[in-house]
1. Scan A:T253, A:T249 and give me the residue that is of a type in the set (S, T, N, Q) and out of contact with any helix residue (DSSP H, G or I) (no Cβ under 7 Å at 6 or more places or on another chain).
2. Which numbered condition in (1) assigned to a helix (DSSP H, G or I); (2) of a type outside the set (F, W, Y); (3) more than 29 Å from A:K682 (Cα to Cα) is the only one that B:D54 fails?
3. Out of (1) closer than 30 Å to B:V34 by Cβ; (2) surrounded by 10 or more Cβ atoms within 10 Å (Cβ to Cβ); (3) within 14 Å of chain B (Cβ to nearest Cβ), the odd one out for A:G672 is which?
4. Run down A:L292, A:L332 and say which single residue is under 16 Å from the mean Cα position of the chain (by Cα) and either assigned to a helix (DSSP H, G or I) or surrounded by fewer than 24 Cβ atoms within 10 Å (Cβ to Cβ) (or both).
5. Would you be able to tell me the number of residues in the range A:680-704 that are at the interface with another protein chain (Cβ under 10 Å from one of its Cβ atoms) and part of a loop (DSSP other than H, G, I, E, B)?
6. Given the options B:I76, B:I80, B:I69, B:I84, name the one that is in a helix (DSSP H, G or I), within 14 Å of another protein chain (Cβ to nearest Cβ) and exposed (fewer than 13 other Cβ atoms within 10 Å of the Cβ).
7. Given (1) under 25 Å from A:I179 (Cβ atoms); (2) surrounded by fewer than 24 Cβ atoms within 10 Å (Cβ to Cβ), where does A:A271 come up short, assuming only one miss?
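The values are calculated or read from the model by the stated rules, or taken from the named source; none is laboratory data. None of the values given here were measured: they were computed from a predicted structure. So basically every Cβ, Gly included, is an ideal-geometry build from the backbone, and we count neighbours across all protein chains shown.
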Amino acid sequence: MNALFANATTLLLAAEDSGEHAETVLADGGVLASAAWLIPVVPMVMAFLIVFFGKRSPLKGWGMAVGAMGFVALYGTVLFGIAMFGDAIGYQGAISIGDVGTTTVEGTTSLLHLEWGWMVDGLSSMMYFVVGVVGLFVFIYAKSYMKGDIRYTWFFASFTLFAGGMLVLVSAPNLIQLIVGWELVGVASYLLIGHYWEDHENSSAAIKAFLVNKVADVGLFIGAIMIGLSVGSFRFTDIMDVVSGGGGTPLATVAFWAGVALFIGAMGKSAQFPLHVWLPDAMAGPTPVSALMHAATMVTAGVFLIGRMFPFYNSPEYAEEMRWIIVIIGSLTLFLPGLIALVQDDIKKVLAYSTVSQLGYMMVAMGAGAYTAGLFHLFTHAFFKALLFLGAGSVIHAVHSNNMSDMGGLRKYMPWTFWTFLIGSASLAGIFPLAGFWSKDEILASLAYAGDNYPVDAGGEALAYTALVVAIAGAFVTAFYMTRAVSLTFFGGYKGHGEPHESPKMMTVPLVALAVGAVTAGWLNIPGVTAYFTDGVNAVFTAPGDHHAESLNYGLAVTASLVGLLAIGLGYLLWYPDKETQQERDTFRIPVLYPLLVNKYYIDDFYMDVIVRPIRGPIAQAVNWFNGHVIDAVVNGVGFGTKALAKPIYAFDQRGLDEAFNVTAAGTAATGTFLRMFQTGKVQQYAVMIFAGTVLLVAGLIIF
Amino acid sequence: MIIMQFLILGAALFSLGVYGVLTRRNAVLVLLSVELMLAAVNINFVAFDRFLGDQLAGGQIFALFIIAIAAAEVGIGLAIILLIYRNRHDANVDNLDLMKL
């Protein structure tokens with residue numbers, strides 16, 4: 001163990017090395033940063049410990065899982081606190097694994113260096129904090145939500161693996177480790193989405209999530225290989241050194257396509273249109289999984305990746321030109337799936353489409369060059385979306401149904417859940433002064449700034465302003481569908497069966513804690529007042545140099561707020577007033593739009609008919625033929641050969657071996673019968689034999 | 001020094017003992033015959049001790065050991081026979097064939 005860490009190389013990057021972008025002096029952070037390798041390792045090890053010892057532990061694995069998450073939450077809070085309020089820490093530790101393969105850059109051949117490491121800078125500290133704190137509350141909540149589950153311990157093992165995989169991803173100092181964490185998250189999400197695999201639909205959802213992600217991962221692999229081979233290193237700091245060194249490098253020649261490929265990877269994990277289809281289906285998993293997946297761990301990975309590679313996307317010599325793709329995809333993502341949320345009956349699906357739409361906001365901010373705004377929205381979104389999912393879980397727990405047509409009027413039965421859900425919804429809808437308002441406003445302001453200063457010359461201005469309009473329209477849709485969800489769930493009359501009841505303390509306390517976050521998280525970055533978050537996440541090796549608004553853009557803020565309030569008012573008129581007709585009003589139909597939304601723009605059908613079936617059909621037939629004609633033939637041949645071989649063995653067994661045993665047995669029996677004659681029990685006969693034997697021996701001795 | 005006479009006496013006594021062991025049916029008499037065989041052996045030991053002129057008189061000492069052990073043996077043997085007789089009212093060795101298979 002000691003030898004392993006003696007081998008660790010610590011790389012400190014001072015401000016002067018990271019080029020002119022770095023505004024903050026990075027400190028090494030001492031023991032706190034050099035021991036940060038514990039952050040991914042503790043949950044990963046704990047996941048395996050739970051598998052082996054969880055069932056025997058007093059709390060059936062829950063205690064171990066919460067212990068690991070508590071550790072991460074505490075460590076992440078301290079690190080992010082220092083990043084925001086204290087000295088910026090910039091630390092990168094690595095353990096060398098070895099050299100694998102070779103790379104050729106400009107005629108020089110060098111070895112590709114593999115290492116396992118950890119980064120402690122603003123970006124990763126922020127992610128440690130979000131994963132740790134949101135994860136901790138979700139884990140606490142999961143105890144009573146999952147109570148009585150048949151695979152209770154296994155659930156916590158894979159849940160811990162899920163969080164641990166994400167921490168491996170965000171702590172990665174190189175693209176290879178990032179891919180390892182990326183795939184760990186993918187595997188864990190597969191296990192968790194398919195947690196109730198007895199239901200075929202759920203296991204299909206798990207496979208769908210895995211396959212869609214895998215398709216996108218091909219992009220990530222290609223992008224990582226292009227970048228790694230052209231730089232000669234997979235380490236982010238090396239890549240950023242090349243980027244900050246200016247154009248004309250091997251990386252610059254492949255930058256556009258490498259950027260596109262990496263973004264395809266990010267599209268899969270961050271559920272960007274049109275690869276978002278797996279996320280709503282991922283609702284098949286238990287609600288705590290949805291909460292963690294949508295808030296902190298899985299879907300943020302793509303945004304994180306773009307954030308980590310941000311200078312690459314922000315540099316005119318490199319992939320800046322492909323950012324218009326990010327803006328277009330992000331705009332589509334923030335608007336179209338939001339509309340689908342309007343026609344969903346399953347409350348978790350409403351929230352899922354809302355997540356897709358919010359991820360679109362984050363991406364569009366990244367595309368507009370607003371690193372801080374994108375990450376800030378990721379940060380606040382983690383709190384209110386986790387809160388909304390846990391609130392939805394609390395409601396589902398009470399009414400035993402996911403459908404809003406079985407809910408209604410729960411405000412009176414579940415006051416804690418209602419108030420916290422309301423705060424989360426308001427925050428998501430961007431109501432002043434909750435967290436969502438500040439982060440969404442910052443994205444809108446960034447889009448407006450990008451419209452004035454967009455670096456892509458041809459049509460860039462129009463594009464950014466279009467994105468701004470779409471984002472404001474998206475804010476309207478967001479407020480509209482959240483009003484609908486709140487009205488149908490908590491107002492009107494109860495439409496389900498039985499008597500709903502408030503959830504236990506174990507579930508309401510995390511709700512309250514997250515509600516506090518959903519209110520206050522935005523105050524870390526009020527334009528012109530506070531800039532803690534900006535200072536925090538900008539203390540990075542990868543020196544982004546983005547635009548951060550110095551003062552509030554009042555025009556935009558007021559517009560967005562008015563749009564949100566208008567949507568809430570409209571939604572209120574539509575869904576609230578009359579409990580008898582509430583459900584009827586919900587089923588109003590707009591002729592063309594409604595079928596389009598219910599069928600999710602036919603994207604799933606498109607994939608099924610155009611990609612899955614044509615591939616699956618011939619392949620299935622080919623595999624069937626192969627199975628029938630080749631594998632069966634092999635199996636039959638082996639069977640026939642075995643049978644043929646068995647016949648002589650049987651004969652040998654019957655005639656040879658059995659006979660040998662019989663003869664041996666008969667001989668033994670005959671010997672026994674003969675020897676019985678001497679065993680008369682008469683002592684004097686024995687004495688005669690002894691004497692006779694003695695005489696014979698003595699005679700023999702004399703004669704010979 | 002004459003030795004032949006003692007050896008003939010010993011051999012005769014031993015043969016009598018063997019004959020008694022093999023033919024007597026009463027267990028007490030079988031035991032007595034064993035004692036005859038031991039006496040024959042003692043005669044041989046003492047005779048050879050004198051014949052060879054052993055300085056340590058090993059043969060005579062060994063004869064004393066045999067007499068002592070024979071006494072013990074008779075004690076145990078008679079006790080066993082007595083117990084068998086008490087249990088079975090019979091001391092005939094032909095009937096004591098419980099060890100027969």
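1. Values: A:T249 fails: out of contact with any helix residue (DSSP H, G or I) (no Cβ under 7 Å at 6 or more places or on another chain).
Going through A:T253, A:T249 in turn, the sole match is A:T253.
2. The one condition B:D54 does not meet is (1).
3. (1)
4. Numbers: A:L332 fails: under 16 Å from the mean Cα position of the chain (by Cα).
None of the others qualify; the one that does is A:L292.
5. Number of matching residues: 3.
6. B:I80 is the lone residue from the list that is in a helix (DSSP H, G or I), within 14 Å of another protein chain (Cβ to nearest Cβ) and exposed (fewer than 13 other Cβ atoms within 10 Å of the Cβ).
7. (2)
Residues checked against (1) in contact with a Leu (Cβ under 7 Å, 6 or more places away or on another chain); (2) at pLDDT below 90; (3) surrounded by 24 or more Cβ atoms within 10 Å (Cβ to Cβ); (4) assigned to a helix (DSSP H, G or I):
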| position | (1), (2), (3), (4) |
| --- | --- |
| A:Y141 | yes, yes, yes, yes |
| A:D149 | no, yes, no, no |
| A:F159 | yes, yes, yes, yes |
| A:M166 | no, no, yes, yes |
| A:L169 | yes, no, yes, yes |
| A:Q177 | no, yes, yes, yes |
